[in-house]
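Heads up, the thing below is written out as structure tokens.
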Amino acid sequence: MCLAFPGKILSIRHDADLPMGEVDFSGVKKTVCLAYTPDAQIGDYVIVHVGFAISILNEKAALDLLEQMAHHEIC
């Protein structure tokens with residue numbers, strides 16, 4: 001089973017030529033590799049799996065998903 005979570009990119013930097021972002025997951029901030037989402041920008045929401053952003057989400061979809069997760073409607 002795979003788990004992936006939406007988060008909002010707060011900042012972007014490059015470490016050893018890899019784009020890395022500080023991503024906010026409802027108050028928990030983690031560093032995430034953005035190599036698979038090269039078009040991601042500060043303020044974008046991304047779906048993150050095992051430390052890698054794997055897709056960019058629009059804000060409405062991200063907020064809907066976060067709301068569903070908060071109400072335990074998805075596992």
### Message
Starting from 0.36 nm per residue, how many nanometres of slack lie between N58 and K29 once their C-alpha separation is accounted for?
### Response
8.5 nm
### Message
Just want the ordering: K30, K8, K60, from fewest to most Cβ atoms lying within 10 Å of their own Cβ.
### Response
K60, K30, K8
### Phi to ³J(HN,Hα) by Karplus 6.51 cos²θ - 1.76 cosθ + 1.60 over segment 42-54, Hz, x for Gly, Pro
4, x, 6, 9, 10, 8, 10, 10, 6, x, 10, 6, 10
### Task
Any chance you could give the angle, 0 to 90 degrees and rounded to 10, that helix 59-70 forms with the longest Cα principal axis of the chain?
50
### Task
Find the all-direction average of the projected area of the Cα convex hull for the chain, expressing the result in square nanometres with one decimal place.
4.9
### Query
Per-residue ellipticity at 222 nm for the chain, helices alone: DSSP H runs ≥ 4 residues times -39500 (n - 2.57), over residue total, nearest 500 deg cm²/dmol?
-5000 deg cm²/dmol
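Every read-out reported here was derived from the displayed coordinates using simple, explicitly stated rules and does not represent laboratory data. What you are looking at is a predicted structure, and each value in this text was computed from that prediction instead of being measured. Note that each Cβ is placed from the backbone with ideal geometry, even for glycine, and that neighbours are counted across all protein chains shown.
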